[in-house]
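The values are calculated or read from the model by the stated rules, or taken from the named source; none is laboratory data. Because the structure is a prediction, the values reported are computed rather than measured. When we count neighbours, we look across all protein chains shown, and the Cβ atoms used for this are built from the backbone with ideal geometry, even at glycine.
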Amino acid sequence: MTIEIIGRASVAPGASSVDELRQILEDGKCTVSEIPAERWQLARYWHPHQGIQGKTYTFAAGVLSDVYHFDPAVFGLSQREAMQMDPQQRILLSLVWRALEDANLPAASLSGEQVGVYVGASSLDNGNLAVEDPATGSPYFMTGNTLSIVSNRISHIFGLRGPSMTIGTACSSSLVALVQAVRALDRGDIDTAIVGGINLLAHPLSFVGFAQARMLSPEGLCRAYDTNGHGYVRAEGGVVLVLRRTDKALRERDRSYARLHATGVNSSGRTNGISLPSREAQAALLKSVYEGANIDVNRIAFIEGHGTGTRVGDPAEVWAIGSVIGKNRRAPVPIGSIKSNIGHTEPASGLFGLLKAVIALENNFLPATLHIERTNEDIDFEDLNVRVNTSPIELMPAKTPRFAGVNSFGFGGTNAHVVISDPDPVAPPEPQAKGDRVIFMASAHSATALEGLLDDYKQRLEQAETREARQLVASAVANREAMRHRFAVKAKDSDGVLAAISAHLAGEPTAGEHGEVPGQGVRVAFVFAGNGSQWPGMGVDAYRENAHFRQCFQSFSALFEYYLGEKLTDLLFSKDLPERLADTKIAQPMLFAVQAALTDCLSAQGLRPDAVLGHSVGEIAAAYAAKVLTAAEAVAIVAKRSQHQDLLAGEGKMAAVVMTADAALAFAHANGFDNICIAAINAPNSVTISGPSEEVQAFRDAARKAQIVAHVLDINYPFHHPIIDRAKDAFFDDLPDLEPDAGTGIFISTVTGRHADGQTLDTAYWWRNVRDPVLFKDACEAAMEMGCNLFIEISPRPILSNYVTDIAKNISHQAAVIPTLARESGTGRDPVAQSFARAVAHGVSPLRSRNAAGRNAFIQLPPLPFEKVELRPHPTSDEIDIFGRDQRVPYTLLGWRTDPNASSWKNHVDANLLPDLAEHVVDSKAIMPGSGFIEIAVTAAQQYYDTDEVELGNLEIVRPLELRQDRIAELSTVLSPETGNIEIRSRERLSNDDWTVHAVARVRKTIDAVADERAAPVAGEVKSVLTAEKTYETAERFGLQYGPHFRLLSKAVAFGHGLIEVDLKTAKKAAHPYL
């Protein structure tokens, strides 16, 4: 069984992506630098000589930038929790996201599969830093800083239910993790695997520990397979790969970067030391892998070695490669190591080696291994038939797949090897046929991230050829996770999508829709408006711009023609429609036809509601949408309802009032309007009243005097009022027999205010729909109780949206309310397509669309923009300063204090750390100069008093401080808060000797402002001139042997006995690299 690598992502020193890493490899660059000063105060732990306890001789490293920056919102994490997470967890989450994007796999698509997570990690640096300030820990600290959670966090965030494990075998961790993933895939335990490796260098003591073992390169270079290789360079980085079995990858039409053929793991067993390799064990591993998979070693294009650049490790590795592979093939096998480019990423290094191998095969180019001046003289490369690729190699294509092997060894003896090959060629899917209307959606976790993503899409579409542009548009829905903030557009082609995006970004009217999903899961309710939503021109744009709407509307027009004697299609464009709409026999059929046609169009596009409800006559369209009524039955009810209501034209009016139902009735009765009834309860503080025209008008006038909002509607009928009872018998007699069905959705009645069985919607029910009050508020609350949180108003223009919003707000229910058609015309845009896009933008799955394209694994879409912020625990008053992080106080000759509020400091000094000061030689001994004591005292005062303006007095050098080559002195400076006395003392480092006092002084804050006194120009008779040569000769006679750093005098001119003018050279930079 073979495995395909279908997705990848990486971050490495100097390379924030796989493409940038490829460029570094092709350019032959080395991105090793040094640990940034803000990580910790490097000077505390550095010494130029090897073997110094508690010190490292190098901080050379391949480092990542902004390791504490993260975007928690992408992953549904709070900043409070993310702040406590090891940056390794955060970086891996980001890499998993990028790898899934690269594989064009939305995380949601994995929820039904068994997906395993296997991560190689070993560093606990971040958690160990908390020793400085334990009070910063929160309930999230342990889950944030435990190695097991590094993998478990990925499974948790992405909802993956397969095995989840963090593997620690030191430097081979990530490749061993990959082997475990491959075995689980082979067994069928999982369908997909996410494999990662991560390493960060956040703590100084691991540097100190490796330095004590002499494992680190003194010169800061990984010289793999070179005679001058004397250690490795530590590095940070992360890699994530997505794996699938070949059979599944072919079924899913995944793109493959490389095929995994064989893997193996073994251990070195007992050697002369646990960190010493066994070449025999490595050879046994290679033999088992290649013979077990029956791989012809002549087809191996190269081996990506472990290659750390150590005197013991490199010879052992090359011997094993040569013995098993090199000597059994015709041509020398090329070997190399990515560590020469980016350093040794320790537990992540195996996956970085694998990634380099994949990149090399993919690009037919094997990058050079750097820093080789002379190949290791302890290795017989010729006899072993092995060649180090000291220069780039063009890999020639072959008729059969080429193989490459990857080594990774842990310093505890766990060895891993993986064999990959070129993938089989698979043709990418063809883009959707030109002219098909497609739904495009881009989504992000924030509005600003969405704007950035749209800008990226705009640039890509502007630069893309027509075929690529169609692929970009068609793939955006199926290839990407649908997130909270969305932009959607349904357009005929990619040019239409580009135009919509461009207009949106420019703040201009657009066919695109942007919105925000109201919750984790979206349940849709269609809300059908009643009388009052009609207007002359309604549905015209939909009729003109949307062929399906036109077809549906024509069908309903034909059904109504039987009852009306005229066509709605003619009325739609009639010049006298404004007057005709005052006739409810015309208004209600027109309203229903628009609503029903719109419903059919949305349904055909894949938008089907979870629940429906309607206001008054809108209930008929709702019943049709729920398939409770047939089109013919619904049309008959509308036609007969409106005909019988029309007989009561002029007998009453209706008004919208901002009051509760009880308050409105009480107000009416208090003012003698006894024939006023509640026609509809629309919202918590909004009702519609109905009654005789004169009483409704009088109610309105009285309400205004009482500063109550009341608006008489442009309706010449007293709907939902006892006056209507006069039409009851005729309504029952005239309405044809109905056979309502149970329907396919949930019908929520505004007659009863709750869910109703469709089969109960008989003739009696439809009379109640005419006569009884509309319980719109209750019906909306019922929909919300069943989880509906996206309310789509199906109407010629929105009139109910404010009511629904008020109802949701009143019961603290998170919901979005959106319209479909609007009171605008002549835009040239398809309002039906725009309605569907608006629904998608507010949470409807775009995959519901019948025009939604399938996943295209071969396209590269713009990635989600991360909006990273720096997240670190806030220090508390309990903090001590062990590591000197964040450069809060720069390193000086004074040294450091572990208690930020204390008045004592320490430093470590010797002639090796301060070679320039050691040039101040008195009687053949290197002595700390007096100016050094002054600097120490002044700096102590400035730090303690937190001001640059301090006074120093009464300085007395009691005993010289010798700077020796063979002994490090622990320098201690103590300031008395009560007296301002300073004592500078020392003893041998790591001893319990008594302190030797070298200097004392007194300091205080400056009391008075110090005048800016400048030296007056020197004038007078020159008595003598001393050259530099003569001056230092004189000093030497007095036992002062100054070295070059102390020979700054150019000349000295004496004016009598009291004044000397001195010319000094510019001082050189301090020899200590961190001063």
Look at Gly231 and say whether it is within 25 Å of Arg885 (Cβ to Cβ), among the small types (Gly, Ala, Ser) and surrounded by 24 or more Cβ atoms within 10 Å (Cβ to Cβ). no
Residue list for the range 1006-1030, restricted to those being modelled with pLDDT of 85 or more and farther than 11 Å from Ala1054 by Cα: Thr1006, Thr1027, Ala1028, Glu1029, Lys1030
Which condition number in (1) closer than 16 Å to Lys490 by Cβ; (2) touching a strand residue (DSSP E or B) at 6+ places or on another chain (Cβ under 6 Å); (3) modelled with pLDDT of 95 or more is the one that Ala852 fails? (3)
Search the range 254-285 for residues being among the β-branched types (Val, Ile, Thr) and not in a loop (DSSP other than H, G, I, E, B), and hand back the single one that is surrounded by the most Cβ atoms within 10 Å (Cβ to Cβ). Thr263
Taking helices (runs of 4 or more DSSP H) that do not extend beyond the range 482-573, which have at least 2 residues that are farther than 30 Å from Leu453 by Cβ? 540-545, 547-564, 568-572
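Can you name the residue in the range 596-633 that is part of a helix (DSSP H, G or I) and over 22 Å from Gln759 (Cβ atoms) and is also modelled with the lowest pLDDT among such residues?
Ranking the candidates gives Ala604 first.
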Specify which of the listed residues (Asn907, Asn954) is at positive phi and outside any helix (DSSP H, G or I). Asn954
Residue pairs meeting the criteria (Cβ under 9 Å; at least 6 apart or on separate chains; first closer than 16 Å to Leu384 by Cα and not assigned by TED's automatic domain parsing to the domain that holds Glu394, in the range 295-324; second assigned to a loop (DSSP other than H, G, I, E, B) and of a type outside the set (Ser, Thr, Tyr)): none
With criteria (1) under 30 Å from Thr750 (Cα atoms); (2) among the charged types (D, E, K, R); (3) surrounded by fewer than 18 Cβ atoms within 10 Å (Cβ to Cβ), Glu508 comes up short on (1)
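Results for (1) in the same structural domain as Gln534 (by TED's automatic domain parsing); (2) free of Cβ contacts under 8 Å to residues at least 40 places away in the same chain; (3) under 19 Å from Phe776 (Cα atoms); (4) surrounded by fewer than 17 Cβ atoms within 10 Å (Cβ to Cβ), shown as yes or no for each residue.
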site: Phe673; (1), (2), (3), (4): no, yes, no, no
site: Asn682; (1), (2), (3), (4): no, no, yes, no
site: Ala703; (1), (2), (3), (4): no, no, no, no
site: His711; (1), (2), (3), (4): no, no, yes, yes
site: Phe732; (1), (2), (3), (4): yes, yes, no, yes
Considering residues of the range 354-409 that are among the small types (Gly, Ala, Ser) and closer than 23 Å to Lys327 by Cβ only, the residue surrounded by the most Cβ atoms within 10 Å (Cβ to Cβ): Ser408
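To keep it simple, each residue is scored yes or no on (1) touching a strand residue (DSSP E or B) at 6+ places or on another chain (Cβ under 9 Å); (2) surrounded by 16 or more Cβ atoms within 10 Å (Cβ to Cβ); (3) more than 18 Å from Ser986 (Cβ to Cβ).
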| site | (1), (2), (3) |
| --- | --- |
| Arg885 | no, yes, yes |
| Pro890 | no, no, yes |
| Asn907 | yes, yes, no |
| Ala926 | yes, yes, no |
Would you mention how many residues in the range 291-314 are closer than 17 Å to Asn328 by Cβ and in a loop (DSSP other than H, G, I, E, B)? 4
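Run down Ala542, Ala500, Ala525, Ala506 and say which single residue is out of contact with any Gly (no Cβ under 9 Å at 6 or more places or on another chain), within 30 Å of Asp456 (Cβ to Cβ), of a type in the set (A, V, I, L, M, F, W, C) and modelled with pLDDT of 95 or more.
Every option except Ala506 fails the conditions.
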Please verify whether Ala808 is more than 16 Å from Gln605 (Cβ to Cβ), touching a Phe, Trp or Tyr at 6+ places or on another chain (Cβ under 9 Å) and not assigned by TED's automatic domain parsing to the domain that holds Ala103, treating the condition exactly as stated. yes
With Ser349, Ser288 as the choices, which residue is free of Cβ contacts under 8 Å to residues at least 40 places away in the same chain, assigned by TED's automatic domain parsing to the domain that holds Asn228, in contact with a strand residue (DSSP E or B) (Cβ under 6 Å, 6 or more places away or on another chain) and in a helix (DSSP H, G or I)? Ser288
